[in-house]
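Presented below is the structure to which this report refers.
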Amino acid sequence: MATRRLMLLGAPGAGKGTQAQLLMQDLGLPQVSTGDILRAAVKEGTALGLEAQSYMNRGALVPDAVVIGLIEDRLARPDAGGGWILDGFPRTPAQAEALDGLLTNLDQSLEAVVLIDVPEAQLIERLTGRRTCPLCKRIFHVRFNPPPAVPPFCTDHADCPSALVQRPDDTLEVVSKRLNVYRESTEPLVRYYQQQQKLTSVDGDRSPEVVYSELRELLG
Ligand code: AP5
């Protein structure tokens with residue numbers, strides 16, 4: 001199978017995680033989500049987790065040096081050798097430049113960046129209604145993708161009988177801050193990857209299945 005190095009870009013709630021999980025199942029590539037890595041560190045109560053939590057809970061970005069270090073370690077792991085899907089990294093021009101440097105050193109290159117475009121009102125509704133499984137990381141929504149079991153458990157199968165949770169940064173107040181941070185710090189990356197001629201975009205304001213079908217077509 002060809003090595004594929006892909007990136008999903010988009011605002012909080014655009015559906016990066018949802019689409020990355022579908023790509024992961026389809027292409028057999030690992031999803032590399034800095035948000036998931038940081039949440040795991042918070043859950044384990046490591047020094048990194050304690051530091052990250054204070055930024056995440058108020059909707060701020062974790063410092064570049066911390067996140068870049070995490071990505072360097074993650075992309076050096078054996079399962080990343082055959083490619084990956086980046087979700088939530090990079091988020092600042094400094095992170096994008098660090099990724100370029102890392103890939104150059106490894107003699108690798110980024111194949112494509114896909115921007116998932118969704119109007120702001122929809123982003124707020126998606127994030128405040130999101131529920132996730134703390135064990136298997138499946139993503140649900142109280143209205144758009146309701147959990148299969150009531151009360152809201154991950155699945156009604158034995159494979160993951162876990163109660164779903166709401167992320168602490170999915171309250172209306174923190175979501176508003178995250179959207180501001182996206183506009184100020186991450187949106188400039190659209191231009192950055194356009195200049196590298198790597199960027200394509202999909203209209204993310206449709207059902208996850210329709211978005212995925214267009215995404216797959218774009219990626220070939
Ligand atoms: P992170 O976990 O990366 O969050 P995010 O980028 O804000 O993105 P989300 O996970 O909120 O949204 P998503 O686009 O994945 O949408 P999803 O598929 O879940 O980061 C969290 C925090 O960690 C940051 O604020 C920061 O503090 C820190 N951090 C992480 N990376 C960092 C970095 N690189 N640098 C510095 N700090 C970093 O979908 C959302 C909801 O919508 C779900 O309920 C889903 O079911 C629903 N949905 C999805 N698609 C559709 C659709 N097509 N139609 C209807 N509903 C849909």
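The values are calculated or read from the model by the stated rules, or taken from the named source; none is laboratory data. Treat the numbers as computed from the prediction; the structure is a model and nothing was measured. Neighbour counts are summed over all protein chains in view; Cβ atoms, including those assigned to glycine, are modelled from backbone coordinates with ideal geometry.
Determine whether Gly59 is farther than 21 Å from Ala20 by Cα, more than 10 Å from the ligand (Cβ to nearest atom) and modelled with pLDDT of 95 or more. It is false that Gly59 is farther than 21 Å from Ala20 by Cα, more than 10 Å from the ligand (Cβ to nearest atom) and modelled with pLDDT of 95 or more.
Residues of the stretch 183-220 that are small (Gly, Ala, Ser) and more than 12 Å from the ligand (Cβ to nearest atom): Ser201, Gly220. Scanning the stretch 110-135 for residues that are assigned to a helix (DSSP H, G or I) and of a type outside the set (Val, Ile, Thr) returns Glu120, Ala121, Gln122, Leu123, Glu125, Arg126, Leu127. Within the stretch 16-33, identify whether any single residue is among the β-branched types (Val, Ile, Thr), near the ligand (Cβ under 7 Å from one of its atoms) and touching a Phe, Trp or Tyr at 6+ places or on another chain (Cβ under 7 Å), and answer yes or no. No, the conditions are met nowhere in the stretch 16-33. Answer yes or no: is there a residue in the stretch 88-108 that is polar (S, T, N, Q), assigned to a loop (DSSP other than H, G, I, E, B) and at pLDDT below 95. Checked against the condition, which is being polar (S, T, N, Q), assigned to a loop (DSSP other than H, G, I, E, B) and at pLDDT below 95, the stretch 88-108 yields at least one hit. Figure legend. Inter-residue proximity from the stretch 52-74: first residues within 14 Å of Pro90 (Cα to Cα), second residues in a loop (DSSP other than H, G, I, E, B) and near the ligand (Cβ under 8 Å from one of its atoms), beta-carbon distance below 8 Å, spacing 6+ or different chains. Indicated pairs: Leu61/Arg91; Leu61/Thr92; Asp64/Thr92; Val67/Leu61; Val67/Phe89; Val67/Arg91; Ile71/Phe89.
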